[in-house]
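Trainee: Here you go, one structure.
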Number of protein chains: 4
Amino acid sequence: MQKLLHKYTVLVYNYKMTKGGRTMKVSIIGATGYAGAELLGILINHPEVEIRHITSESQTGAAITDSYPHLNGFYNKKLSSMTDVDQFADSQAVFIALPHGHAMGIGQQLAAQGIKVIDLGADYRFRDEDVYEQWYKVPHIHRGSGAVYGLTELYREQIKNATIVGNAGCFTTASILALAPLAKTHLIDVKSVVVDAKSGMSGAGRSASLANNFAEMFDNMKAYNIAGHRHTPEIEQALTEFSGQEAIISFTPHVVPMSRGIFSTCYANLGVGVTPEDVDQAFHELYDQEYFIRLLGRGGYPAVKNTRGSNFCDIGWHIDPRTNRVVVVSAIDNLVKGAAGQAVQNFNVMFGLAENTGLTKIALYP
Amino acid sequence: MQKLLHKYTVLVYNYKMTKGGRTMKVSIIGATGYAGAELLGILINHPEVEIRHITSESQTGAAITDSYPHLNGFYNKKLSSMTDVDQFADSQAVFIALPHGHAMGIGQQLAAQGIKVIDLGADYRFRDEDVYEQWYKVPHIHRGSGAVYGLTELYREQIKNATIVGNAGCFTTASILALAPLAKTHLIDVKSVVVDAKSGMSGAGRSASLANNFAEMFDNMKAYNIAGHRHTPEIEQALTEFSGQEAIISFTPHVVPMSRGIFSTCYANLGVGVTPEDVDQAFHELYDQEYFIRLLGRGGYPAVKNTRGSNFCDIGWHIDPRTNRVVVVSAIDNLVKGAAGQAVQNFNVMFGLAENTGLTKIALYP
Amino acid sequence: MQKLLHKYTVLVYNYKMTKGGRTMKVSIIGATGYAGAELLGILINHPEVEIRHITSESQTGAAITDSYPHLNGFYNKKLSSMTDVDQFADSQAVFIALPHGHAMGIGQQLAAQGIKVIDLGADYRFRDEDVYEQWYKVPHIHRGSGAVYGLTELYREQIKNATIVGNAGCFTTASILALAPLAKTHLIDVKSVVVDAKSGMSGAGRSASLANNFAEMFDNMKAYNIAGHRHTPEIEQALTEFSGQEAIISFTPHVVPMSRGIFSTCYANLGVGVTPEDVDQAFHELYDQEYFIRLLGRGGYPAVKNTRGSNFCDIGWHIDPRTNRVVVVSAIDNLVKGAAGQAVQNFNVMFGLAENTGLTKIALYP
Amino acid sequence: MQKLLHKYTVLVYNYKMTKGGRTMKVSIIGATGYAGAELLGILINHPEVEIRHITSESQTGAAITDSYPHLNGFYNKKLSSMTDVDQFADSQAVFIALPHGHAMGIGQQLAAQGIKVIDLGADYRFRDEDVYEQWYKVPHIHRGSGAVYGLTELYREQIKNATIVGNAGCFTTASILALAPLAKTHLIDVKSVVVDAKSGMSGAGRSASLANNFAEMFDNMKAYNIAGHRHTPEIEQALTEFSGQEAIISFTPHVVPMSRGIFSTCYANLGVGVTPEDVDQAFHELYDQEYFIRLLGRGGYPAVKNTRGSNFCDIGWHIDPRTNRVVVVSAIDNLVKGAAGQAVQNFNVMFGLAENTGLTKIALYP
């Protein structure tokens, strides 16, 4: 295994806390899900952000700490209802953490008022709304929104000027980051791609369900939605765009008994004559300057625990001369880089802040 | 999802316990590892077996219950040393549960005395000992042993008459059982096979190791030995034999935070014109009469917990018309069907006993 | 730590399976909960038992394997409704695994027909129905039932002739077995007893609940129902009876992130002049002949994993000369010795079968 | 359950990051254990701290990221040897995270040079070094050190002026914080105290050990060191001091299958005539102004997950009128409030910084 690359000659965290105003005002729609709570946890410590409104349709009027006692001492605002759209007039940006289909209506209203929107769900992830409708079985009611796909490292320039960002999904963030260097450089056949992905249980959301009960899933694992998971077209959209070839891939999600974490194992056939060094170069050129991507090099093995609670994506790659395939393995925290952390990363880009502002938390290990 | 097939018109457990002699005498070499302990747990309840000797080189002279208090009340024999080969003269069969490289010497001695050998390690798994030497980096000192590969369902006829059986590995049992129906019927391109496999932590064996410490692996997962794991040639040997084509596959093992269990996700390109019904038929024809294989049908989802502590292999398959790939998912308990249970299944076959004798334990759920 | 006592000079499992009739007919009311499923798992392998009817009010008409795929290959009967009381006329015994309050009505009807009843819930656990009503807030509608408390080792003689047995609870089985030797011999002050008990998550039953969701309870633990848990009066009833003194105890239950298992830590003040040898003797006299109790001795440390899936209760005890307290620690599997296993043990006693018939399963380790 | 008290009228995290010098220089001796790594994780984000030297005797010369890849991108200094005492001359404070017995020698040398020492081990926790020698079986070679016990909330004034602080242990921090309000106000009989404590597996430290292997401890729990654990005299020292009565307590530690976390269940007899309101008042008077203590009130239930990764101690209390006992339950993260976090809290106090500087991290939930 190659040594991890220590690329940060200037460390980014040599800041000093001083009393001072928080200049940005934001709100969170759908604060009681896991992604909403993670957003709160990040934004409370974001030095430039003041949280104005947090909403929940099922818990309207209650304190957020009734749902999340771990926020006690930090935050005890009451939850309002998103139906009161006027309240958001004092916010420069609104994060939406709702199930798919529920962000389009409010998103359109907010954007019309010039409020920037970062949607953590799927509503704004697809350039072609027909693809959305086909996979999500919901009519898209905000076509032509101009939304930008929110995978920061790969769409940063568009995000800078976006009014609406469709934050990338958890499986997709890990998988697209793993494959983008090779797709962009045409080193792989994108039609040969197989993505075998594994998620911790928080990915299933915070709702009572027998299938998600502790006793059912502890010491257990399984696959689900084979050949039909909705993150499939999201990965295909990116790979198609990067490679210029139509990517049709196999994507298999699994649940494993962890709280958090995505581990993605991505297989692809290498083109004729592609060398290991070509592969190495593709990763380094694309990512060496990226703060949140840690390249473990050829032969490197990420572990989800090294990313837990942090916004990092750790990536290693392996070349199998016997099959002429490349295997890329990547790990993220599904609630951070796969949801709330990347949403804040996108927010920072949209407002011209240092991209890692509020996101320098180190993984909780062990 | 198709209904699970209930093929057992005559239930096998309608036996009655009566006092009576246990007719078969066996010994276990290497009883203090997890596979050895699992063998003990099974054989103690096997109605035809009397355990004669159990060995351990590191614990010679100690009681097995010093290592495994859960055996208290059932078994408290002292551990002997395998170097005393004469002791095995009273045994009709010897199970060997040693690290690879250590079974060949004693195996040769035992076989020479007419004692049947079931080796749970890798030493006797390969028809071509050169393949063994290439992957295991150990000289094979018992060439031409006539050993039979011990994946019972697929090699039953040879096992019946074998003197030495090389019990199939854990990843390989789950993976070969998943792919054999399609390889045998030539429905897939065996060169396109990708096997993405996940194991519980008992697969790492019972030895102190920082990498296997609880705090390191809890809420964690990772891949290892990508493009180099030694179960790769074992799967290739079987697929090559079944398909008549040289199979070179991608195999990626992972560790996930479970005690036990193998989950194998197998991808392959379907041949031109292959229909979903062709695939269904391949599975049903090969396995409908198999006691230990539970077909969950097309669209079925196995879960490792349904096999925990049992000798079953649960299999489901999925066809993706977008990619023309088939995805077969299978689950076993790595210590039972992936090790000790299959060893006893092979033993039963070798001695003409009902194949599930001693193996009717139901999974521990939840 | 003392050596574990190997008391079994004659092993009990040297039986031989032979084809033959299963002579006892039983039914299970409430088969779809975890205790019901565990009962099924045990009774399917019980050599004397034929299962006639299994019921579920919520799943009437469905196959039990729809709820529990791990039973596939063993059992696929349809679930009936308990409201059809006539169906039980062919059963010699009926196990009831319903929430408290629901067993009394059907229990009375069955007993009136001469069918023996083993209730796994709380309805029949209290000699004084007023205590039941006070703690469970439900009117007791079957007063004077003659029910016997089903903690086998301690109430065996009464159980032999009982028509109705109120199977002991999970926390209570572990705790009463730990304290009974000392209460019966008056070595401890029963008013000083503190029981600090820990349960795996299957103790919460099989129902969807946010509090029991995997992501909520993984890497987590907490206490609940402090000074108010309903197992308190059950322990007090036993200790009062054994000691002849009114026992009022502190009982604190906790949930810890395990599938199964009860671990009970019991504290009591020793009487003046009580010696360590007195304590040892109390345990050995009461339990040395008990198959399902494994005494780890003074200084012994049980671990729940050594009992997982088995009907054993492992007990160790510790004397603290600094405080003159004894600390007794015990471990069981909550679904086996704490529910279904003990129910079958009671059944065996009621029908004159060897007490461990069908219960010789070894713990699943690791 | 009472509402949690939101006492923070002025939130403490409304600081703004600005580029600027970090004014305090510190070193860490023993950086490769879990406590050392946690210290690094905290101090890297501490706005006033510059880390000068980190040491490891077993890994001297290696990068810390070789041991802890999760620190990649944040910190990649090489580990030095503590035997080079001169290197610490540039440090104003040194944190020592070594096994007990190893801090006294270096601690004495550092203190002699006027460097402040915060020892996370046991060497400096006891006022009476004889007690240390009796429980730890090691001669105390730095008697009369003037060390102060480092449980910040209860010894803050002494800590302010201390040269050496003996940081409180993990079990003890949770347990003493739970009992101090009642001991100080003489509401309980300190001789009646029973502390039943549970720890996650990181408490066992980072060393390879069969007992700590994943497969051994997953789905398992057990007690250890009953009536002999070394945290016993530490709790007794504090309770004796607070109450003015000699406290001799029962303390039982357990390991449960979590990465992190301490849960302490503390029982004590209430004095005659003590009312529930007296108990409430004792907690509120002592802790209402404490940032890192969250009172969940009478009837409150802490959960370790609400503290995971944070420096909070959550406390609830319950009064049992039947037994006249109080049960106090508390939860902390063993590596933060139970080790590294409290060490930094003490450091902040010693140097006149705001006590929560660098410690405002919110728990990672779920």
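Trainee: Looking at the stretch C:278-337, which of its residues are basic (Lys, Arg) and either under 22 Å from the mean Cα position of the chain (by Cα) or at pLDDT below 95 (or both)?
Mentor: Scanning the stretch C:278-337 gives C:ARG294, C:LYS305, C:ARG308, C:LYS337.
The rows are residues; the columns are (1) under 26 Å from D:ILE64 (Cα atoms); (2) touching a Lys or Arg at 6+ places or on another chain (Cβ under 9 Å); (3) not aliphatic (A, V, I, L, M).
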position	(1), (2), (3)
A:PHE312	yes, yes, yes
A:VAL328	yes, no, no
A:ILE332	yes, no, no
A:GLN342	no, no, yes
A:VAL349	no, yes, no
A:ALA354	no, no, no
A:THR357	yes, no, yes
A:PRO366	yes, yes, yes
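Trainee: Residues in the stretch D:329-364 that are under 18 Å from D:VAL94 (Cα atoms) and of a type in the set (S, T, N, Q): how many?
Mentor: Within the stretch D:329-364, residues that are under 18 Å from D:VAL94 (Cα atoms) and of a type in the set (S, T, N, Q) number 5.
Trainee: Being surrounded by 24 or more Cβ atoms within 10 Å (Cβ to Cβ) and under 29 Å from A:ASP314 (Cβ atoms): is that true of A:GLY166 here?
Mentor: Answer is yes for this residue.
Matching residues to (1) in contact (Cβ under 8 Å) with a residue 40 or more places away in the chain; (2) among the hydrophobic types (A, V, I, L, M, F, W, C):
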position: B:SER27; (1), (2): yes, no
position: B:GLY33; (1), (2): yes, no
position: B:ILE42; (1), (2): yes, yes
position: B:SER56; (1), (2): no, no
position: B:PRO69; (1), (2): no, no
position: B:LYS78; (1), (2): no, no
position: B:ALA97; (1), (2): yes, yes
position: B:LEU120; (1), (2): yes, yes
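Trainee: Could you check the stretch C:32-53 and list, in sequence order, the residues that are touching a His at 6+ places or on another chain (Cβ under 9 Å) and either more than 9 Å from every other protein chain (Cβ to nearest Cβ) or of a type outside the set (A, V, I, L, M, F, W, C) (or both)?
Mentor: C:GLY41
Trainee: Looking at D:ALA197 and the list (1) within 16 Å of D:TYR267 (Cβ to Cβ); (2) within 17 Å of the chain's Cα centre (by Cα); (3) facing another protein chain (nearest Cβ under 9 Å), which single condition is not satisfied?
Mentor: (3)
Trainee: Could you identify the single residue in A:ALA208, A:ALA227 that is modelled with pLDDT under 95, more than 23 Å from D:ASN72 (Cβ to Cβ) and in a loop (DSSP other than H, G, I, E, B)?
Mentor: A:ALA208 is the lone residue from the list that is modelled with pLDDT under 95, more than 23 Å from D:ASN72 (Cβ to Cβ) and in a loop (DSSP other than H, G, I, E, B).
Trainee: Kindly check whether there is at least one residue in the stretch B:175-182 that is within 14 Å of another protein chain (Cβ to nearest Cβ), within 15 Å of the chain's Cα centre (by Cα) and not in a loop (DSSP other than H, G, I, E, B).
Mentor: Yes, that holds for at least one residue.
Trainee: Okay, next question. Looking at C:MET258, is it modelled with pLDDT of 95 or more, within 11 Å of chain D (Cβ to nearest Cβ) and in contact with a Phe, Trp or Tyr (Cβ under 7 Å, 6 or more places away or on another chain)?
Mentor: For C:MET258, the condition - modelled with pLDDT of 95 or more, within 11 Å of chain D (Cβ to nearest Cβ) and in contact with a Phe, Trp or Tyr (Cβ under 7 Å, 6 or more places away or on another chain) - is not met.
Trainee: Let me ask something else. Exactly one of (1) surrounded by fewer than 18 Cβ atoms within 10 Å (Cβ to Cβ); (2) part of a helix (DSSP H, G or I); (3) not charged (D, E, K, R) is unmet by C:ALA215. Its number?
Mentor: It fails just one condition, (1).
Trainee: Can I ask one more? From the residues in the stretch C:233-270 that are under 18 Å from the mean Cα position of the chain (by Cα) and small (Gly, Ala, Ser), which one is farthest from D:GLY300 (Cα to Cα)?
Mentor: C:ALA238
Trainee: Keeping to the stretch A:261-270, report how many residues are more than 8 Å from every other protein chain (Cβ to nearest Cβ) and either under 28 Å from A:LEU359 (Cβ atoms) or out of contact with any Lys or Arg (no Cβ under 9 Å at 6 or more places or on another chain) (or both).
Mentor: Here the count works out to 3.
Trainee: Continuing with this model, one more query. Which ranges mark the strands (runs of 3 or more DSSP E) fully within the stretch B:271-366 that have 1 or more residues being more than 14 Å from chain A (Cβ to nearest Cβ)?
Mentor: It comes to B:293-298, B:313-320.
Trainee: Restricting attention to helices (runs of 4 or more DSSP H) lying wholly within the stretch A:1-118, give those where 1 or more residues are more than 20 Å from A:ASN311 (Cα to Cα), of a type outside the set (D, E, K, R) and modelled with pLDDT of 95 or more.
Mentor: In the stretch A:1-118, A:64-67, A:103-112 are the helices (runs of 4 or more DSSP H) which contain 1 or more residues that are more than 20 Å from A:ASN311 (Cα to Cα), of a type outside the set (D, E, K, R) and modelled with pLDDT of 95 or more.
Trainee: Name the pairs: first residue in the stretch D:209-234 and among the β-branched types (Val, Ile, Thr), second residue modelled with pLDDT of 95 or more, Cβ to Cβ under 6 Å, at least 6 apart or on different chains?
Mentor: D:ILE226/C:HIS318; D:ILE226/C:VAL327; D:ILE226/D:THR252; D:THR232/D:PHE251
Trainee: Identify, from the list B:GLU153, B:GLU157, the residue that is over 16 Å from B:ALA103 (Cβ atoms), touching a Cys at 6+ places or on another chain (Cβ under 9 Å) and part of a helix (DSSP H, G or I).
Mentor: B:GLU153
Trainee: Hey, another quick one. Give A:SER207, A:SER192 a once-over and let me know the one that is among the hydroxyl-bearing types (Ser, Thr, Tyr), over 26 Å from A:GLU133 (Cβ atoms), surrounded by fewer than 24 Cβ atoms within 10 Å (Cβ to Cβ) and within 14 Å of another protein chain (Cβ to nearest Cβ).
Mentor: Going through A:SER207, A:SER192 in turn, the sole match is A:SER192.
Trainee: Can you name the condition, by its number, that C:ALA162 falls short on among (1) touching a strand residue (DSSP E or B) at 6+ places or on another chain (Cβ under 8 Å); (2) within 18 Å of C:ILE262 (Cα to Cα); (3) small (Gly, Ala, Ser); (4) not in a strand (DSSP E or B)?
Mentor: Going through (1) touching a strand residue (DSSP E or B) at 6+ places or on another chain (Cβ under 8 Å); (2) within 18 Å of C:ILE262 (Cα to Cα); (3) small (Gly, Ala, Ser); (4) not in a strand (DSSP E or B) one by one, C:ALA162 breaks only (2).
Trainee: Then there is this: Can you name every residue in the stretch C:328-361 that is in contact with a Phe, Trp or Tyr (Cβ under 6 Å, 6 or more places away or on another chain) and surrounded by fewer than 24 Cβ atoms within 10 Å (Cβ to Cβ)?
Mentor: C:ASN356, C:THR360
Trainee: Let me ask another. Looking only at the stretch B:235-255, filter to residues that are without any contact (Cβ under 8 Å) to a residue 60 or more places away in the chain and assigned to a strand (DSSP E or B); which one of those is farthest from the other protein chains (Cβ to nearest Cβ)?
Mentor: The extreme case among them is B:VAL255.
Trainee: Name every residue in the stretch A:333-364 that is among the hydroxyl-bearing types (Ser, Thr, Tyr) and on the phi > 0 side of the Ramachandran plot, in order of residue number.
Mentor: none
The values are calculated or read from the model by the stated rules, or taken from the named source; none is laboratory data. These figures come from a predicted structure and were not determined experimentally. For neighbour counting, all protein chains shown are included, and Cβ atoms are generated from backbone atoms with ideal geometry for every residue, glycine included.
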